[in-house]
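Quick notes on the structure that follows.
A short reminder: the numbers here are calculations on the coordinates, not readings from a lab. These numbers come from a predicted model, not from an experiment. So basically every Cβ, Gly included, is an ideal-geometry build from the backbone, and we count neighbours across all protein chains shown.
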Number of protein chains: 2
Amino acid sequence: MNETVESPRLPQLEHLGDATQHAARIHAMVGYAPLFEQFSLAEIRLLGHFMQTYRAQAGQEIIREGEAGDFMMLMVEGRVEVFKQDRWNTPRLIAVVEDGKTLGEMSMIDGEPRFATCVAVEPSLIAVLSRDALALIILEQPMLGAKILMQLAVMLSQRLRQTSMRLVEFVDKQRELSDQVPGPSFV
Amino acid sequence: MNETVESPRLPQLEHLGDATQHAARIHAMVGYAPLFEQFSLAEIRLLGHFMQTYRAQAGQEIIREGEAGDFMMLMVEGRVEVFKQDRWNTPRLIAVVEDGKTLGEMSMIDGEPRFATCVAVEPSLIAVLSRDALALIILEQPMLGAKILMQLAVMLSQRLRQTSMRLVEFVDKQRELSDQVPGPSFV
């Protein structure tokens, strides 16, 4: 895939070309990069043709909550803080993401606005996979496409489990509190 | 796919054979069945070869929280209640699932134990897709496999958004409560 096919997804960042040049580095992260757990170097090299890389400086905003976005990002190097606005519109830090981890999968997959804002806290190298590129992989390399989709589904499933577990704990806690406090029927 | 390849996943239920016989019925649910939003009748017929159908009676338990399971289920007909144990091991109703909806995707995808228990509340017709069958679809019908995986990823992504939003609301509420109540520094 070349520039004429893929327009820059992060125009505010320095564009470094496709990700094939970083294939060995990405493959070295396989042990702790959930997306690439099952990938060989050859597969990552192949995938690299479909991904674009960018350099973010410390303090640069990469994606913004509520905005449109049709791509996900792999942190190849650096660190990113993730903020979500609370109901008083105050940005709250909800996660810190380091190399090997991915960001923005939900919007890439479901086309909905960004759930959170990501800001680089140190100089970072980011590899971008767009929905168009994923569609092209499925057409041109169906087995590789299925492998990425399966791995994305595994990641989403595990995050859904964790989030659901935390939600159940909150609901339990609230139920416990409302059991302790005399309700309206006692007033 | 025939019986020699696919062992029954729900031995306690009446097994009705593969899902091809119900293809027209499943296709009629396309408008409200998230998994099949983009599927043609031909694709559902093809997929039907890889799915097994079962009949559950009212009151029958279909899957149990904490148990192993490597398949997901499509509700073709009927209604199922979903229970999750709270921290006092009391089962709490967390959802009611009707025809067109799916159950058990997380375990099919990530291989972890069942998150919740499902009980039929009326006679139900259930189509099962196992992880082995999905792997076979990817091998034999890669485009169909990619389409199912993409749709599964979309469903998981949307549920993760909804669950994360609810969790953020709970955290906000708790923060608000702890702001109202004088903390240790006021004592």
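Write down the Å³ per residue value for the convex hull defined by the alpha carbon atoms of the range A:14-180. Could you put the intermediate results ahead of the total?
Numbers: hull volume 21.1 nm³, N = 167.
With only Cα atoms used, the range A:14-180 gives 127 Å³ per residue.
Could you pull out the longest piece of chain B with no exposed loop trypsin sites (Lys or Arg not before Pro) in it, calling a site exposed if DSSP puts it outside H, G, I, E, B and it has at most 16 other Cβ atoms within 10 Å?
On the way: sites that count: B:Arg64, B:Arg87.
Excluding the exposed sites themselves, the longest stretch runs over B:88-187.
Write down the radius of gyration of the range B:95-187 and its Dmax, each obtained from C-alpha positions, in Å.
Over the range B:95-187's Cα set, Rg and Dmax evaluate to 20.2, 69 Å.
Specify which residue in the list A:Gln85, B:Leu160, A:Val119 is farthest towards the positive end of the charge dipole of the protein assembly as shown, using unit charges on the beta carbon of Lys, Arg (+1) and Asp, Glu (-1), about the Cα centre.
Farthest along the dipole direction, towards plus: A:Gln85.
What lysines sit close enough to A:Lys173 to cross-link, taking a C-alpha to C-alpha distance under 30 Å and skipping anything fewer than 8 places away on the same chain?
Counting by Cα, and skipping residues close in sequence, A:Lys173 has these lysines nearby: A:Lys84, B:Lys84, B:Lys101, B:Lys173.
Within a 10 angstrom radius of each residue's Cβ in B:165-171, how many Cβ atoms of other chains show up on average? Whole number is fine.
Average per residue, whole number: 6.
Copy-to-copy spacing for A:Pro142, label 7 Å out on the Cα-to-C-beta vector, in nm, shortest first?
0.6
Dipole magnitude of the protein assembly as shown about its Cα centre, charges +1 at Lys/Arg Cβ and -1 at Asp/Glu Cβ only, in debye to the nearest 20?
460 debye
With viscosity set to 0.890 mPa s at 25 °C, what whole-number translational diffusion coefficient in µm²/s follows for the range B:1-110 from Stokes-Einstein and a Kirkwood radius over Cα pairs? Mind showing how you got there, number by number?
On the way: Rh = 15.1 Å.
My calculation gives 162 µm²/s for D.
Once the dipole of the protein assembly as shown is set up with Lys and Arg at +1 and Asp and Glu at -1 on Cβ about the Cα centre, which of B:Gln174, B:Leu136, A:Ile137 lies farthest towards its positive end?
Projecting each Cα onto the dipole axis, the largest value belongs to B:Gln174.
Kindly provide the pair-distance distribution of the protein assembly as shown built from C-alpha pairs, with 10 Å bins from 0 and whole-percent values in order of increasing distance.
Over the protein assembly as shown, the share of Cα pairs per 10 Å bin runs 5, 21, 28, 23, 16, 6, 1, 0 percent.
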